[in-house]
Amino acid sequence: MFRHRSLFAVAIAGALLAACQHAPAPAKQSSDDTDVLEQAMAKEVKTHGKYAPSAAFKAKADELGLRMMERILSKCVDATGAESIGACYHERMLQGFDTDGTIKSHCPQRDDLEADMKCIVLGGIGHELATKMGKNAPTSFDWSDPETSANKVAMAFVLQQVRDCLSNGAASDPKDCVTARFTKALDLTSSDLEPCNALIDEDFKYGQCIGEAFSYKYMSTAIARM
């Protein structure tokens, strides 16, 4: 079964929060400056190693997986046979995660339940992030590899926020600017971010926690619709 906590692989904001502390603040952002940001982010990711959920959200990730399975099983209890069960699972997942028909058009039902769920869940969160980027959203989302594509969209989203802060003269305290832009763009409230308060002095972990807060809120909302 697909482990739902892998959704939090999109929570890469911490790399940029740490990296932007040392990034240049030109009057006009150039491709060279973007390279500096991307290199700094790659260095932070390498330094911190493989993603692991923060303590604040580890239990929440497990809880989400259980809640999702409870919702699906309660709705599909009368389904019999592998084909009927698979169809019911697919329908319930779309009910929760597809709000405008985009996911349905890209994620036909698959025999592999894990692949089906990855397309719907990770494709859905990648699409959600892309819509928040407006005209700057990547146009080449690869629905055949939704996990990689969701990570690319997340990276593009974070870079967009950092570039805007640096180009607008916020380099004296870029962390505050980037954090404010993240929370506004992702529609996060102070209550959503409360679990992250203990990490506020740790740039990488705090940024990661912001990403986790968004992922948790997105998942919770979708599961409630299932």
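Among residues of the stretch 90-104 that are within 11 Å of C119 (Cβ to Cβ), those with a Cβ under 6 angstrom from a residue that is part of a loop (DSSP other than H, G, I, E, B), sequence gap 6+ or separate chain, pair up as H90/Q109; K104/D98.
The residues in the stretch 116-164 that are touching a helix residue (DSSP H, G or I) at 6+ places or on another chain (Cβ under 6 Å), part of a loop (DSSP other than H, G, I, E, B) and of a type outside the set (D, E) can be counted, and the count is 5.
Among all residues of the stretch 87-101, there is at least one that is over 28 Å from K184 (Cα atoms) and among the aliphatic types (A, V, I, L, M).
Residues are listed down the side, and each one gets a yes or a no for (1) under 26 Å from T183 (Cβ atoms); (2) out of contact with any strand residue (DSSP E or B) (no Cβ under 7 Å at 6 or more places or on another chain); (3) of a type in the set (A, V, I, L, M):
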site: E91; (1), (2), (3): no, yes, no
site: G96; (1), (2), (3): yes, yes, no
site: G101; (1), (2), (3): no, yes, no
site: A115; (1), (2), (3): no, yes, yes
site: T131; (1), (2), (3): yes, yes, no
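To keep it simple, each residue is scored yes or no on (1) exposed (fewer than 15 other Cβ atoms within 10 Å of the Cβ); (2) at negative phi; (3) not acidic (D, E).
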residue: L64; (1), (2), (3): no, yes, yes
residue: M68; (1), (2), (3): no, yes, yes
residue: S74; (1), (2), (3): yes, yes, yes
residue: E83; (1), (2), (3): yes, yes, no
residue: I103; (1), (2), (3): no, yes, yes
residue: P108; (1), (2), (3): yes, yes, yes
residue: C119; (1), (2), (3): no, yes, yes
residue: G124; (1), (2), (3): no, yes, yes
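Read-outs: derived from the displayed coordinates by stated rules, not from any lab. What you are looking at is a predicted structure, and each value in this text was computed from that prediction instead of being measured. No Cβ is skipped: glycine too gets one built from the backbone with ideal geometry, and neighbour counts run over all protein chains shown.
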